[in-house]
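No lab work stands behind these numbers, since they all come straight from the coordinates. What you are looking at is a predicted structure, and each value in this text was computed from that prediction instead of being measured. Cβ atoms come from the backbone with ideal geometry, glycine included; neighbour counts cover every protein chain shown.
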Amino acid sequence: MRVTSETDLAEAIRGANGPFRVRGGGTRDIGRPVVGEVLEVGISGVELYEPGALTLVARAGTPVAEIEALLDAEGQRLAFEPMDHRELLATDGVPTIGGAIAANVSGPRRIQAGAARDFALGARFVDGSGRVIKNGGRVMKNVTGYDLVKLMAGSWGTLGVLTEVSLKVQARPETEATLVGRGLDLRAGVAALARALGSPWDITGAAHLDVGGETETLVRIEGLAASVDYRVGALVGAGFDGWEVLRGADSAARWAAVRDVRAFAGDAVPVWRLSVKPGDAPAVAENLVARGVAHRGVYDWGGGLMWLAVETEAADAGAGVIRAVLAGVGGHATLVRGDEALRARIDVFQPESVPLATLTRGIKQKFDPRGLLNPGLMGV
């Protein structure tokens, strides 16, 4: 079934006799396989764009590329740098702005600007009862009540189907530069990233790549050209001497590859996404290897975001070991790439504690009492 308006979407959900597998742009086949009729949602178009107010309102099915082109013409951008999963997951389709918010897809700039949910000002969505719900607005305000916009961000279409989002956008900087260090091991690389992030030079990207061959450690600076030059020079003088400097388009291309985890594109090994304290990343990686989970790694957010392509013969793709290691340091793990059989037999998303799982079930019951929307995708 395909719907192209909010009214048709609400009617389809109200009249449903069984569960739906909600599909937007079709680029993120993540989570436990959902058994149900495909509900394809194609509600698109930019409704409002006010460059002077740094505000944009778009229907949820609007392609991210269309929004980025519109913003670029006005010297603006989406600050949260949403990932395009197509190369990593070998999917087609078109990334949409609703999908980016529903999955809270946040790229390398999250360490400086914040996550996707931090730029969502308002939303409209249809819940599992077919009710059209609006929350938030077009400007940031302090209000009393439930922040349903933040609740929808990261809910993966299990509580409601987004039809419209209001976003805060950001001015595009004049230029950018990236310092590239080579040959550092993970501990030295994360330590270097920590030094950069602890400096006063407003770092907007900090990643370490160990994907086979020589390692790379990347530090990004953005802003006015004179400011970027000054801050690059300051970092070079503060222990980053000998690092290559990439500028402009070369820098942007390198970070697009980090954002989309292109180092793991083109093969089929399972890929995990781990969130940890940045300083814990080396110990976590070492413990995994010691317990038989060899891997290649892209370590973004100063080491706090670990993308791991695992090489293991374990039937669970290392899930048990990964979560046991994380239990000792805190953090969570999501299987981002895996075949349907694997995703059907393990917890794709991090298992919740009993109190949190009880709260999650209560929220799911409130917004989707009949269990129509992506049931089981997130384990609930």
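Of Met306, Met378, the sequence from fewest to most neighbouring Cβ atoms within 10 angstrom is Met378, Met306. Using C-alpha pairs below 8 Å separated by at least 6 residues, the relative contact order for the stretch 200-254 is 23 percent.
Taking other C-beta atoms within 10 angstrom as a stand-in for reagent exposure, Tyr49, Tyr299, Tyr230 fall in the order Tyr230, Tyr49, Tyr299, fewest first. Summing +1 for each Lys or Arg and -1 for each Asp or Glu, what net charge is found among the other residues whose Cβ lies under 10 Å from the Cβ of Gly330? Net charge in that neighbourhood comes out at 0.
Placing dummy labels 7 Å off each Cα toward the beta-carbon, the span from Asp229 to Asp185 is 4.0 nm. Taking the helices alone, the chain has a mean residue ellipticity at 222 nm of -8000 deg cm²/dmol, built from -39,500 (n - 2.57) per DSSP H run of at least 4 residues and averaged over all its residues.
Considering only alpha-carbon pairs that sit under 8 angstrom and 6 or more positions apart, the relative contact order computed for the stretch 52-186 is 33 percent.
Ordering Val149, Val35, Val41, Val22 from the fewest to the most neighbouring beta carbons within 10 Å gives Val35, Val149, Val22, Val41. With K and R counted +1 and D and E -1, the other residues having a Cβ less than 9 Å from that of Ala309 yield a net charge of 0.
Each of Thr358 and Arg262 was given a label point 7 Å from its Cα along the Cα-to-Cβ line. The distance between the two points is 4.9 nm. Within the chain, no whole DSSP H helix has Cα atoms reaching 27 Å or more along its own axis together with a mean Kyte-Doolittle score of at least -1.0. The string of couplings for the stretch 113-127 from the Karplus curve (6.51, -1.76, 1.60, θ = phi - 60°) is 9, x, 8, 4, 4, 6, 10, 8, 8, x, 7, 10, 8, 10, 8 Hz, one whole number per residue in order, with x for Gly and Pro. Roughly how far apart, in whole Å, are the Cα centres of the stretch 207-256 and the stretch 171-201? Result: 6 Å between the Cα centres. P(r) tail for the chain: Cα pairs beyond 39 Å make up 17% of the total. Computing FRET efficiency as 1/(1 + (r/R0)^6) for Ala341 and Glu311, where r is the C-beta to C-beta distance and R0 is 30 Å, gives about 0.95. Between Ala294 and Lys277, the distance separating the two model label sites (each 7 Å from Cα on the Cα→Cβ line) works out to 3.1 nm. Taking each residue as 0.36 nm, the span from Ala53 to Arg370 lengthens on full extension beyond its C-alpha to C-alpha distance by 110.1 nm.
Over all directions, the average projected area of the alpha-carbon convex hull for the stretch 263-345 comes to how many nm²?
Numbers: hull surface 20.0 nm².
Answer in nm², one decimal: 5.0.
Under a 5 Å amide H cut-off, with hydrogens placed 1.01 Å from N, Val336 pairs with Val271, Trp272, Arg273 among residues at least 5 apart or on other chains. The mean sequence separation of alpha-carbon pairs under 8 Å and at least six residues apart, normalised by the residue count of the chain, gives a relative contact order of 19 percent. Among 257-267, 211-221, sorting by the average number of other beta carbon atoms lying within 10 angstrom of each residue, highest first, gives 211-221, 257-267.
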